[in-house]
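Engineer: A single structure is presented below for examination.
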Amino acid sequence: MADLADWHARYGLSSRAACRHAQLELARVDDRIFSVENDLGMPEVPFDKEFPDRYLQVGIAEANQVGIAAGLAVGGKIPFVNTFAVFGVMRACEQLRIDVAYNQANVKVIGYYTGLSGGYAGPSHQCVEDIAITRALPGMTVLSPADAYETYLATFAAAAHPGPVYLRASRGPTPAVYTSPTEFHIGKAVVLRDGGVTGDEPVDVSILATGCQIVPMALQAADLLAEHGVRCRVLNIHTLKPLDEAAITAEARRSRLLVTYEDHSQIGGLGSAVASVVLARHPAPVLSFGVQDQYCTQTAEYDQMLVRYGLGPEQVNLAVRRWLSQH
């Protein structure tokens, strides 16, 4: 297909639905694929109807859910744990750490409702700590796709990847980033906007963004900056671990300013990871956009939540221009 119109017509713009569809398609060709659920499921993606023997509904018991998945993996299966990120990563953190990561069990944990995407559900269902936690677990691969299509590709990549994987997915529909088919390679950043330069030519700003909703907003912020003559590149950092250190270092060498952009705490997320890389390999200024050290109690729809807590494209545009004017 020359573009993704047919794909979007079939699968939609929800990363949650795209991930579910990918799991079902995987199960149709690989009898090792299991879905382990905690009272979620998705009626429009009938994994439970097609493969009832490989669909395990354990109820609201996330520690058991992750432990069961680890057992299945030890037995040679490839289980997908489908749960809200806040419960799969934090309520079941001990099981994720010991049962899965310590044993390098081939478990794929899908965290839905990541960041502030839960909207009105509030802090109990927000998850702005998951990247920090999962990146700290030895041997854990951490994926954060940019839209529904990339989430679909990442699900297949996670299934093929040996060992534990944590994949961030959002809740509802988010804007499409990709309009034509592409490939997904774990650990390889994607340049979405080149800043109008070629080769190693310098630019003013490189935005390193991750996740559904945020990557499209990074592209919007770059457009706003371009209106003011700012040469801005945008990279999609869809893999948080292993991080594409070579790509980050290259951007540090060519840019006056690196900007990190994520729907996650500023502590322990993409911003911290990028700062660690440039400190070791090529010191450069890093301006980090993420959730401040706080609980986000003033709830709203997802896009409104991001603006309320300082993560809107216009807010990024203004802050970056302010920095450039002062340095």
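The values are calculated or read from the model by the stated rules, or taken from the named source; none is laboratory data. Being a predicted model, the structure only gives us computed values, none of them experimental. Because the Cβ atoms are built from the backbone with ideal geometry, glycine has one as well, and the counts that use them run over all protein chains shown. The area values use the complete protein model at the heavy-atom level, side chains included, leaving out ligands, DNA and RNA. Shrake-Rupley method; radii C 1.70, N 1.55, O 1.52, S 1.80 Å.
Engineer: From the residues Ala70, Ile98, Gly118, which one has its Cα farthest along the dipole of segment 54-138 in the positive direction, the dipole being from +1 and -1 charges on Cβ of Lys/Arg and Asp/Glu about the Cα centre?
Structural biologist: Ranked along the dipole, the leading option is Ala70.
Engineer: So, one more: Springs between alpha-carbon pairs under 10 angstrom, Gaussian network model over the chain: which of Val29, Val66, Val230 fluctuates most?
Structural biologist: Greatest mean-square fluctuation among the candidates belongs to Val29.
Engineer: Note the full-extension length gain between Asp200 and Gln292 as 0.36 nm times their separation in residues minus their Cα-Cα distance, in nm to one decimal.
Structural biologist: That works out to 29.8 nm of additional length.
Engineer: Further question: Between the helical axis of 62-74 and the dominant principal axis of the chain, each derived from Cα atoms, what acute angle in degrees is found, rounded to the nearest 10?
Structural biologist: Orientation of helix 62-74: about 80 degrees from the principal axis.
Engineer: Once you have a ≥ b ≥ c as the square roots of the Cα gyration tensor eigenvalues for segment 129-206, tell me rounded if a/c is under 1.5, and otherwise prolate or oblate according to whether a/b is larger than b/c.
Structural biologist: Verdict is prolate for segment 129-206.
Engineer: Next question. Taking square-rooted eigenvalues a ≥ b ≥ c of the alpha carbon gyration tensor, is segment 13-157 rounded, prolate or oblate, where a/c under 1.5 means rounded and, failing that, a/b exceeding b/c means prolate?
Structural biologist: rounded
Engineer: Just by accessible area at a 1.4 angstrom probe, what is the order of Trp323, Trp7 from largest to smallest?
Structural biologist: Sorted by accessible area, descending: Trp323, Trp7.
Engineer: Could you work out the helix-only [θ] at 222 nm for the chain, with each DSSP H run of four or more residues adding -39,500 (n - 2.57) and the total divided by the number of residues, to the nearest 500 deg cm²/dmol?
Structural biologist: -10500 deg cm²/dmol
Engineer: Shifting gears a bit: Whose amide H sits under 5 Å from the amide H of Leu192, counting only residues 5 or more places off or on another chain, with H placed in the peptide plane?
Structural biologist: Val234, Leu235, Asn236
Engineer: Note the angle between two axes, namely the Cα long axis of helix 214-226 and the longest principal axis of the Cα atoms of the chain, as a number of degrees from 0 to 90, rounded to the nearest 10.
Structural biologist: The answer is roughly 10 degrees.
Engineer: Related question: Just want to confirm a number: the relative contact order over segment 73-214, from Cα pairs under 8 angstrom separated by 6+ residues, in percent.
Structural biologist: Normalised by residue count, the contact order of segment 73-214 is 25 percent.
Engineer: Using Cα pairs closer than 8 Å and at least 6 residues apart in sequence, work out the relative contact order for the chain, in percent.
Structural biologist: About 17 percent, as a whole number.
Engineer: Treating only the Cβ of Lys, Arg, Asp and Glu as charged (+1, +1, -1, -1), what charge dipole size does segment 86-227 show about its Cα centre? Round to the nearest 20 debye.
Structural biologist: 640 debye
Engineer: Right, something else. Along the Cα→Cβ direction, 7 angstrom out, place labels at Ile98 and His161. What is the inter-label distance in nm?
Structural biologist: 2.6 nm
Engineer: Further, regarding this structure: Give the accessible surface of segment 158-241 per residue, rounded to a whole number of Å², with probe radius 1.4 Å and ligands, DNA and RNA excluded.
Structural biologist: In whole numbers, segment 158-241 has 37 Å² accessible per residue.
Engineer: Which distance in nm do the two modelled labels at Gln57 and Ala121 give, with both placed 7 Å along the Cα-to-Cβ direction?
Structural biologist: Placing both labels 7 Å along Cα→Cβ, they lie 1.9 nm apart.
Engineer: Which residue, Lys188, Lys49, Lys77, has the most motion in a Gaussian network model of the chain that connects Cα atoms within less than 10 Å?
Structural biologist: In the Gaussian network model the winner is Lys49.
Engineer: Still on this model: With a 10 Å cut-off between alpha carbons and a GNM built on the chain, which of Asp30, Asp244, Asp48 moves the most?
Structural biologist: Asp30
Engineer: With all protein chains present, how much of the accessible area of the chain (probe radius 1.4 Å) comes from carbon and sulfur, to the nearest whole percent?
Structural biologist: For the chain, the apolar C and S fraction of the accessible surface comes to 51 percent.
Engineer: Once amide H atoms are placed 1.01 Å from N in the peptide plane, what residues at a sequence separation of 5 or more from Val291, or on another chain, have their amide H within under 5 Å of its amide H?
Structural biologist: Correct list: His264, Ser265, Gln266.
Engineer: Once you place label points 7 Å from the Cα toward the Cβ at Ser276 and Glu50, how far apart are they in nm?
Structural biologist: About 3.8 nm separates the two model spin labels.
Engineer: If I stretch the segment between His185 and Asp31 completely, what's the gain in nm (0.36 nm per residue apart, minus their alpha carbon distance), one decimal?
Structural biologist: 53.0 nm
Engineer: Let me ask something else. With a cut-off of 19 Å, note down the residues of segment 286-310 whose backbone N falls inside the zone around a label point 7 Å from the Cα of Leu318 toward its beta carbon.
Structural biologist: Once the point is set 7 Å along Cα→Cβ of Leu318, 287-292, 303-310 turn out to lie under 19 Å by backbone N, inside segment 286-310.
Engineer: Hey, what D do you get for the chain in µm²/s if you plug the Kirkwood alpha-carbon radius into Stokes-Einstein at 25 °C and 0.890 mPa s?
Structural biologist: In µm²/s, the coefficient is 124.
Engineer: Please list Arg171, Arg20 in order of solvent-accessible area, largest first, computed with a 1.4 Å probe with all protein chains present.
Structural biologist: From most accessible down to least: Arg171, Arg20.
Engineer: Residues of segment 219-259 with backbone nitrogen within less than 16 Å of a virtual label 7 Å along the Cα-to-Cβ line of Gln304, please, listed as ranges.
Structural biologist: none
Engineer: May I pose another question? Indicate the gyration tensor shape class of segment 269-327 (rounded, prolate or oblate), computed on the Cα atoms with a ≥ b ≥ c the square roots of the eigenvalues: a/c under 1.5 is rounded; otherwise a/b larger than b/c is prolate and the rest oblate.
Structural biologist: oblate
Engineer: Something else: Under the Kirkwood approximation for Rh and a Cα-based Rg, what ratio Rg/Rh is obtained for segment 21-94?
Structural biologist: Computed over Cα atoms, the ratio is 0.95.
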